[in-house]
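Okay, here's the structure, questions in a sec.
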């Protein structure tokens with residue numbers, strides 16, 4: 001997903017960041033146009049039947065990001081995906097192949113996103129690659145924040161702290177501690 005969908009998500013974030021007021025970024029959207037490479041354009045499903053299908057739908061991911069302000073593991077739970085506003089906004093996402101962007105593969109995976117609001121205003125931003133790719137890696141603090149956002153509501157803070165501590169040991173992860181924590185996590189979530 002990161003290689004094909006994330007560039008458009010990063011371009012969305014950049015476009016709405018240029019617009020004052022967080023409420024405006026999440027409401028009153030008339031439409032979203034994504035100019036990108038052919039592979040990303042093929043991920044065009046609006047009606048998704050599963051969390052996996054939703055994860056590989058650029059319109060659904062953009063709609064969820066626009067409405068919720070973030071994409072985390074919980075975004076793809078059935079009750080969250082079933083919201084009518086997700087489907088309605090996903091239907092207003094238009095994907096357009098830019099031949100120049102397709103030609104940039106595999107070195108780059110560009111996307112340009114234009115957000116149009118109902119008041120007639122718009123914002124556009126583009127990226128050449130998604131954040132977190134080798135040419136623009138996430139820092140350790142960003143990886144930790146992403147991990148914590150994704151496990152919030154699933155793991156308690158103490159367990160999340162223990163996982164982070166085990167994985168960030170200066171001498172490398174203690175595999176016994178990591179295995180124990182993994183077993184605890186699986187037990188906590190009912191696996």
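Condition first: free of Cβ contacts under 8 Å to residues at least 24 places away in the same chain and surrounded by 15 or more Cβ atoms within 10 Å (Cβ to Cβ). Now tell me which residues in region 123-143 satisfy that.
Listed by number, the list holds a single entry, 143.
Any idea which residue in region 32-54 is surrounded by the most Cβ atoms within 10 Å (Cβ to Cβ), counting only those that are in contact with a helix residue (DSSP H, G or I) (Cβ under 9 Å, 6 or more places away or on another chain) and closer than 23 Å to residue 119 by Cβ?
34
Which residues, counting only those in region 55-77, are touching a helix residue (DSSP H, G or I) at 6+ places or on another chain (Cβ under 9 Å) and either within 15 Å of residue 153 (Cβ to Cβ) or part of a loop (DSSP other than H, G, I, E, B) (or both)?
Selection gives 57, 68, 69, 70, 71, 72, 73, 74, 75, 76, 77.
Determine which member of the set 45, 88 is within 18 Å of the chain's Cα centre (by Cα) and farther than 16 Å from residue 15 by Cβ.
45
Moving on. Say we look at region 161-191 and pick out the residues that are within 21 Å of residue 146 (Cβ to Cβ) and outside any helix (DSSP H, G or I); which of these is modelled with the lowest pLDDT?
So, considering only residues that are within 21 Å of residue 146 (Cβ to Cβ) and outside any helix (DSSP H, G or I), the one modelled with the lowest pLDDT is 173.
The values are calculated or read from the model by the stated rules, or taken from the named source; none is laboratory data. Note that the structure is predicted; figures quoted are calculated from it, not measured. No Cβ is skipped: glycine too gets one built from the backbone with ideal geometry, and neighbour counts run over all protein chains shown.
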